[in-house]
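Chemist: Just dropping this structure here.
The values are calculated or read from the model by the stated rules, or taken from the named source; none is laboratory data. Note that this is a predicted model, so its numbers are computed, not measured. All Cβ positions, glycine included, derive from the backbone under ideal geometry; neighbour counts span all protein chains shown. Side chains included, ligands, DNA and RNA excluded: accessible areas come from the protein's heavy atoms. Shrake-Rupley method; radii C 1.70, N 1.55, O 1.52, S 1.80 Å.
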Amino acid sequence: GLGGARWNNLLLPACVLLVGLTLLLALARPLDLLLAGEEDATVLGLDTGRFRAAAFVLASLVTAVLVTVSGAIGFVGLMVPHAARMAVGAAHRTLLPVAALGGAAFLVLADLAARTVAAPEEIPVGVLTALTGGPFFLWLLRRSQRTEGVPS
C-alpha cells in the first residue's frame with residue numbers, strides 16, 4: 001500500500017519518472033513504427049532488436065525504481081495503458097502521458113477507497129487494484145475474442 005509513503009522519499013522516483021517519460025516521449029516515433037510490425041519498422045530504418053532492448057531496459061529501470069518506492073501494486077501498470085489506448089488511440093506521443101497520469105489517478109483513487117471503504121481498517125491497495133484488474137482483463141479477453149471471431 002501507500003501508507004508508508006513519505007515526502008522525503010519522493011525526489012528519486014519523481015526524477016526517474018520525469019527522465020524516463022521524457023526519453024519515452026522522445027522515442028514515440030520508433031515506438032509507433034513498431035506498431036506497424038517488426039518487418040515494416042526495419043524497412044523504415046529502425047534497428048528493431050537494438051531499439052527493443054534499449055526500450056526494455058529503460059522501462060525496466062523506471063519500473064524498478066517506482067516499485068521500490070511504492071511496492072508491488074498489481075495491475076495498475078498492466079491495466080491502465082490498455083484503458084488509455086482504448087481512450088486515446090495508439091499514438092505514443094499521446095498515449096504515454098495519458099497512461100502515466102491515468103495510472104497515477106487510478107492509484108490515488110484506489111488508495112482513497114482502500115482507506116475509506118472499511119474504515120477504520122485499511123484494505124491493502126493491491127487487493128483493490130486486483131479486484132479491478134482481474135475483471136478488466138477478463139472483459140478485455142472476451143472483447144478481443146469477439147473482435148477476432150472466436151466463439152465464446
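Chemist: Please return the longest range in the chain lying between exposed loop sites, taking GluC sites (Glu not before Pro), DSSP loop only, at most 10 other beta-carbon atoms within 10 Å, and leaving the sites out. Provide the component values of the computation, followed by the final result.
Modeler: Working: sites that count: Glu121, Glu148.
By the stated rule (loop sites, at most 10 other Cβ atoms within 10 Å), 1-120.
Chemist: Where does helix 48-70 land angle-wise versus the long Cα axis of the chain, in degrees 0 to 90, nearest 10?
Modeler: Computed tilt is about 10 degrees.
Chemist: Next question. Among the chymotrypsin sites (Phe, Trp or Tyr not before Pro) in region 78-152, which ones are in a DSSP loop with at most 11 other Cβ atoms within 10 Å of the Cβ? Mind listing them?
Modeler: Details: sites: Phe106, Phe136, Phe137, Trp139; in loops: none.
For chymotrypsin sites (Phe, Trp or Tyr not before Pro) across region 78-152 that sit outside H, G, I, E and B with at most 11 neighbouring Cβ atoms in 10 Å, the list is empty.
Chemist: With every protein chain kept in place and ligands, DNA and RNA left out, what is the accessible area per residue of the chain? Probe 1.4 Å, answer in Å².
Modeler: Roughly 65 Å² per residue, with all protein chains present.
Chemist: For the chain, find the longest principal axis of its Cα atoms and tell me its angle to the long axis of helix 125-147, 0 to 90°, nearest 10.
Modeler: Between the helix axis and the principal axis of the chain, the angle is about 40 degrees.
Chemist: Moving to a separate point now. Would you mind classifying region 29-115 by shape? Square roots of the alpha carbon gyration tensor eigenvalues, ordered a ≥ b ≥ c; an a/c under 1.5 is rounded, otherwise it is prolate if a/b is larger than b/c and oblate if not.
Modeler: Numbers: a/c = 3.52, a/b = 1.79, b/c = 1.96.
It is oblate, given that a/c is not under 1.5 and a/b is not larger than b/c.
Chemist: I would also like to ask the following. Of [x] 16.2; [y] 10.8; [z] 9.0, which is the value of mean projected area of the Cα convex hull in nm² derived from the coordinates here?
Modeler: [y]
Chemist: Tell me, what % of the accessible area of the chain is carbon and sulfur with a 1.4 angstrom probe? Before the final figure, lay out the partial values.
Modeler: On the way: 6800 of 9860 Å².
Answer for the chain is 69 percent, counting heavy atoms of protein chains only.
Chemist: How far, in degrees from 0 to 90, does helix 76-88 lean away from the longest principal axis of the Cα atoms of the chain, to the nearest 10?
Modeler: Helix 76-88 and the main axis of the chain meet at about 60 degrees.
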